[in-house]
Amino acid sequence: MEGTIHQAVAVTGMRRARYLDLHKTHLEHVFSAVAINLIRLDAWWNGHPLDRTRVSHLACLDPSLTA
């Protein structure tokens with residue numbers, strides 16, 4: 001969930017709405033959600049990961065433990 005919120009803020013700038021009207025703000029959020037879904041679909045279709053996955057300290061010390 002946190003990754004989705006981070007992506008929404010980083011890609012579409014959803015931290016603050018541009019509009020004061022509730023309907024326009026809702027429309028802005030809908031377009032932002034569609035944009036994020038298209039970005040994720042494109043990454044999935046092309047086989048690109050969205051972001052690096054976190055590697056634990058234990059896995060860094062001994063890669064054979066993670067297999």
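Measure nothing fancy, just the Cα-based angle from helix 22-46's long axis to the longest principal axis of the chain, in degrees from 0 to 90, nearest 10.
The angle comes out near 30 degrees.
Quick one: pull the percent of accessible area on the chain belonging to carbon and sulfur, 1.4 Å probe, ligands and nucleic acids left out.
Carbon-and-sulfur percentage of accessible area, whole number: 62.
How large is the accessible surface of THR12 in square angstrom, using a 1.4 angstrom probe and rounding to the nearest 10?
Here the residue's solvent-accessible area equals roughly 30 Å².
Just the accessible area for LEU61, please: 1.4 Å probe, Å², rounded to the nearest 10?
140 Å²
How far apart, in nm, are the 7 Å Cα→Cβ label points at TRP44 and ASP21?
For the pair TRP44/ASP21, the computed spacing is 3.3 nm.
If you wrap the chain's Cα atoms in a convex hull and average its projection over all directions, what's the area in nm²?
Spelled out: convex hull of the Cα atoms, projected over all directions, averaged, 6.2 nm².
Which one, HIS23, VAL11, VAL34, is farthest towards the positive end of the dipole of the chain when Lys and Arg carry +1 and Asp and Glu -1 on their Cβ?
About the Cα centre, the residue reaching furthest to the positive side is HIS23.
Helix 2-12 sits at what angle to the longest principal axis of the chain, using alpha carbons and giving 0 to 90 degrees rounded to 10?
That works out to roughly 50 degrees.
The values are calculated or read from the model by the stated rules, or taken from the named source; none is laboratory data. Because the structure is predicted, anything quoted here is derived from the model rather than measured. Quick reminder, even Gly has a Cβ in these numbers, built from the backbone with ideal geometry, and neighbours come from all protein chains shown. In case anyone asks, the SASA skips ligands and DNA or RNA and just uses the protein heavy atoms, side chains included. Shrake-Rupley method; radii C 1.70, N 1.55, O 1.52, S 1.80 Å.
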